[in-house]
Amino acid sequence: MAQNLHALLWCAGTRIEQKPVLKNQSMFLKPQKFGAAIMKMITAIIKPFKLDDVREALTDLGISGMTLEEVKGFGRQKGHTELYRGAEYVIDFVPKFKLQLAVNDNLVEVVTEAITKAANTTKIGDGKIFVSELEQVIRIRTGEQGESAL
């Protein structure tokens, strides 16, 4: 006999009540729709000079599209100092490239491995890869949704 449990969340001092959940059922997992393809968004932060290597590795896997942004940031490397016309100055934010690509769930491991191998210099500041779920994808031109929109 399952008991109903009420989950309470505290957000900025406000009590938010969630719908009752069954015992032994996680309130944080979204239920999967039957027949729906699971899609993921892969975001990779890489060194600029490794872009061609990463793009080539992804093209070899058959990845047909990605989005690229020039970004700046720092992590453990904490920036660096440079000398310009005799004056030394600190560069806190290091230039990086941010790649984003949407893939089917079954390709995530292969794609992340390809990015890791292609972007690796064995030095600090090689970057990071983030994987997150995509709820829905819609192709604007045709209105296709889900996996077919990728």
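The values are calculated or read from the model by the stated rules, or taken from the named source; none is laboratory data. These numbers were taken from a predicted model, which means no experiment stands behind them. Neighbour counts run over all protein chains shown; Cβ positions are idealised from the backbone, glycine included. These area figures cover heavy atoms from the full protein model, side chains too; ligands, DNA and RNA do not enter into them. Shrake-Rupley method; radii C 1.70, N 1.55, O 1.52, S 1.80 Å.
Apart from one condition, E69 fits all of (1) of a type outside the set (A, V, I, L, M, F, W, C); (2) part of a strand (DSSP E or B); (3) at pLDDT 95 or above; (4) loosely packed, with under 11 Cβ neighbours inside 10 Å; the exception is (4). Taking into account only those residues within the stretch 101-137 that are of a type in the set (S, T, N, Q), part of a helix (DSSP H, G or I) and surrounded by fewer than 17 Cβ atoms within 10 Å (Cβ to Cβ), which is nearest to the chain's Cα centre (by Cα)? Checked the stretch 101-137; the qualifying residue nearest to the chain's Cα centre (by Cα) is T116. Among the residues of the stretch 96-145, which ones are without any contact (Cβ under 8 Å) to a residue 24 or more places away in the chain, among the basic types (K, R) and closer than 19 Å to L68 by Cα? Within the stretch 96-145, R139 is the sole residue that qualifies. Which of the residues spanning the stretch 72-83 are at pLDDT 75 or above and either among the polar types (S, T, N, Q) or open to solvent by less than 60 Å² (accessible area, probe 1.4 Å) (or both)? Across the stretch 72-83, the qualifying residues are G73, G75.
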